[in-house]
Amino acid sequence: MTLVKTRMELKGGIRAGSRLRRIWKFRLLYLMLLPAAIWVILFDYMPIYGVSVAFLDYNYVQGISGSKWAGLTYFRQLFESDMFRDAFINTIVINLYKMVSGFICPILLALALSEIRRAWYRKILQTAVYLPRFVSWVVYGGIIVLLLSPETGVVNKLIEWLGGHGIYFLAQPNLFRLILVVTDAMKEMGWAAIIYIAAIGGINPETYEAAIVDGASRFQRVTRITLPGIVPTIVVIFILRVGFIMSAGIDQVINLYNPIVYHVGDILDTYIYRMGVEQFNLSLATAADVVKGLIGLVLVLLTNSIAKRLQGSGIF
C-alpha cells in the first residue's frame, strides 16, 4: 500500500509540475485571459450569493445577513399570482415565435448572401443588414413607435391613402406579439447570420466543384452540400437559443409595450423589473429570477442530451 501511495503521489507531482510548466510556457495567453476571468468572477459568480434573497424576507436596511428567513414563501406567492402566470406564458409563447423567426431567417439570409458572386455587392448588403444590431432598442423602439403611430406614422398614412383607417398597432393585443417577433427578426438576423456565413466559408470548395461537374443545380448544391455542412453549427446555435427561451428581450418589450397589452406582452423580465425596481419587492423578484434560471438550465441540459443522441454532437 505504501508503494502504491508513493507512486500515486509521484504521478500527482509530475502532473502538477507539467501543468505549471504549461502555464509558464503560455503565460502571455493566460495573462490576456486574466481580465475576462476577473470579469466573469465579479459579475457572474459573486452575484450568485444574492440568490439567497429569494428565501429571505429581505430588508434593505438589515441586509442579507440580517433579514429573516422566509423559506419558500415567495415562491408560493409567485405560483399563486395570476400576473406571474400570464408573464410566464407570454415569455414562452413570444420566445417560441422568436425562435422560429430568429432561427430560420439568419440561415436563409446566410444562404442568400453566400450565393452572391459579386464581392462588392455582397459586402454592401452584409453591412446594411448588420447595422441594426448596433442600434440600441431605445432608438430602434422609438423609430418603430414613430412608424406605427396612429396619427403621423408612415404605415398608417399608407393605409389611409389606400382607403383604410388608421390603426394603433401597439395597442392591439392581437398584433403586439407579431410586432415583437417581426421587429426582433429585422434587427438581429443580420448579426446572427455571421456565424452561419463563417460555417459556410469552412466547407471545402472542391465539394462544390465536384457537384458542378456532376451537373448539380445551384438549388441542389445548397440543399445537398451547404445545409448538411452547417448542421453542427445549427445544432449548437439551437441549443444556445433554447437556453434563452425564458428571456424574451426586456429592452425590446419595455420600449414598446403599454398597459393595454400587458396581458399579451408582459414577460418575466418586465415582471421582475416591476417587482424589484418599481415596487422594491426584491425577494419576490429574485424568486422569479431563480425560477427563470432553473428552467433555462434544465432546457439547455435536455436539448443538449437530445442533440447528442440524434446528431452525435452538442455543446458539451
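The values are calculated or read from the model by the stated rules, or taken from the named source; none is laboratory data. Worth saying up front: this structure is predicted, and the values here are computed from it rather than measured. Virtual Cβ from ideal backbone geometry, glycine too; neighbours counted across all protein chains shown.
Quick notes on this structure:
- Residue 151 meets each of the listed conditions (1) modelled with pLDDT under 85; (2) charged (D, E, K, R); (3) assigned to a helix (DSSP H, G or I) apart from (3).
- Looking across the range 80-97 at every residue that is in a helix (DSSP H, G or I) and of a type in the set (Ser, Thr, Tyr), the one that is surrounded by the fewest Cβ atoms within 10 Å (Cβ to Cβ) is identified as 97.
- Residue in the range 303-311 that is buried (at least 18 other Cβ atoms within 10 Å of the Cβ) and closer than 24 Å to residue 178 by Cβ present: no
- The range 155-174, residues that are surrounded by fewer than 17 Cβ atoms within 10 Å (Cβ to Cβ) and part of a helix (DSSP H, G or I): 155, 157, 158, 159, 160, 161, 171, 173, 174
- Subset of the range 53-79 (residues that are of a type in the set (Ser, Thr, Tyr) and surrounded by 12 or more Cβ atoms within 10 Å (Cβ to Cβ)): 58, 67, 73, 74
- Flag if residue 294 is surrounded by fewer than 20 Cβ atoms within 10 Å (Cβ to Cβ) and more than 24 Å from residue 146 (Cβ to Cβ): yes
- Within the range 209-316, helices (runs of 4 or more DSSP H) holding 1 or more residues that are under 17 Å from the mean Cα position of the chain (by Cα): 231-243, 250-256, 268-273, 282-310
- Number of residues in the range 35-66 that are more than 11 Å from residue 282 (Cα to Cα) and under 25 Å from the mean Cα position of the chain (by Cα): the value is 15.
- Close pairs from the range 30-50: first farther than 28 Å from residue 64 by Cβ, partner hydrophobic (A, V, I, L, M, F, W, C) and surrounded by 10 or more Cβ atoms within 10 Å (Cβ to Cβ), Cβ under 8 Å, at least 6 apart: 30/23
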